[in-house]
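The values are calculated or read from the model by the stated rules, or taken from the named source; none is laboratory data. In this text the structure is predicted, and so the values were computed from the model without any measurement. Every residue, glycine as well, gets a Cβ built from its backbone with ideal geometry; the counts of neighbours run over all protein chains shown. Remember, those area values only see protein heavy atoms, side chains included, never the ligands or the DNA or RNA. Shrake-Rupley method; radii C 1.70, N 1.55, O 1.52, S 1.80 Å.
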Amino acid sequence: MYEEEKWRDVPAALANKIIGTVRDAGAKYPKLTDAARAHECPLPFYQDAPLIRLTDTGGSNDQPPLYFLMEQDELYPLDGHSIAIHEYNAKVSINLTRDNVVEYLRFLGFFIESDHGPFLVAESIDDPIVPLDLTEQTRRVFERELKPVVIKSETEQGHFLLEATVLYANQLSAAKFEVKPDGTVDMIENEGLAADLQIRDDC
């Protein structure tokens, strides 16, 4: 999800513990080889609780990274289901502010999937989640429709109303989200902008 320069090596002892936990889980995760490595990326809405990424270059080239949140010794797998994130938010101190709520929306959309993939918040044609190999027609649609996320309002109780452009499967839509202090996000409006776009299914 994040640019490579934001990732750093997890300290060796903790990395070994994470890799060992995944191995001990058996068939729940792909089998890790000795080439498995753990990296972490800070998340501004969690205090001292980074995003964990496991990569393994020793197995199949098709093996995607594994992502986790971690609280003490417990791993919360980011596998497309919202339950792990909501359970994590209930245990740790999530702190959503005007400065980080947009990144939280992008984070949540990336790691929660429905039947046809994640809900990717895209802001410009140069956004890392936008495929590079677009057809000229699809590129023109993206250039016309993609806009930065806008924070429309914020209440004294810490509720945010955001407007964002969402790429889901091969469709673009303009959506409004309510982000609550506990990390719950509700899509309250969704207007289609473009459908049947010629893009990769795995973008």
Problem - region 109-178: GluC sites (Glu not before Pro) in DSSP coil with no more than 11 other Cβ atoms inside 10 Å - result: 156
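If you average 1/r across every pair of different Cα atoms in region 1-135 and take the reciprocal, what Kirkwood value do you get, in Å? It would help to have the intermediate numbers written out before the result.
On the way: mean 1/r = 0.0621 Å⁻¹.
That comes to 16.1 Å for region 1-135.
Of the trypsin sites (Lys or Arg not before Pro) in region 39-122, which ones lie in a loop per DSSP and count no more than 15 other C-beta atoms within 10 Å? Before the final figure, lay out each step's value.
On the way: sites: 53, 91, 98, 106; in loops: 98.
Hits after loop and neighbour filter: 98.
Whole number in Å², please: accessible area per residue of region 46-203, 1.4 Å probe, ligands, DNA and RNA not counted. Before the final figure, lay out the partial values.
Details: 8670 Å² over 158 residues.
It amounts to 55 Å² per residue over region 46-203.
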Practice task
Run through every distinct alpha carbon pair of region 72-113 and return the Kirkwood hydrodynamic radius in angstroms, one decimal place.
Solution key: 11.1 Å
Practice task
Binning at 10 Å from 0, report for region 45-203 what percent of all alpha-carbon pair distances ends up in each bin.
Solution key: 10, 36, 34, 17, 2, 0
Completion exercise
Computed over region 1-99, the relative contact order (Cα-Cα under 8 Å, seq sep at least six) in percent reads 20 percent
Handout entry: Percentage relative contact order, the chain, counting C-alpha pairs under 8 Å, at least six apart
Key = 13 percent
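Express as a percent, rounded to the nearest 5, the fraction of DSSP beta bridges in region 18-158 (both residues included) that run antiparallel.
Details: 16 of 17 bridges.
Counting only bridges with both partners in region 18-158, antiparallel ones make up about 95 percent.
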Practice task
Take the Cα radius of gyration of region 19-79 and divide it by 2.2 N^0.38 Å, with N its residue count; two decimals is plenty.
Solution key: 1.13
Handout entry: Helical contribution to [θ] at 222 nm, DSSP H n ≥ 4, -39,500 (n - 2.57), averaged over the chain, rounded to 500
Key = -6500 deg cm²/dmol
Practice task
For region 37-44, take each phi angle, set θ = phi - 60°, evaluate the Karplus expression 6.51 cos²θ - 1.76 cosθ + 1.60, and give the result in whole Hz per residue in order, putting x for glycine and proline.
Solution key: 9, 10, 10, 9, 9, x, 10, x
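Once the convex hull of the C-alpha atoms of region 1-49 is built, how many Å³ does it hold per residue, rounded to a whole number?
On the way: hull volume 5.6 nm³, N = 49.
That works out to 114 Å³ per residue.
Going down the table (28/91; 6/152; 152/180; 28/180), which pairs top 21 Å between alpha carbons? Please list the in-between numbers first.
Numbers: 28/91 23 Å; 6/152 28 Å; 152/180 14 Å; 28/180 32 Å.
Result: 28/91; 6/152; 28/180 exceed 21 Å.
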Problem - Per residue Cα convex hull volume in Å³ - calculated over region 111-182 - result: 98 Å³
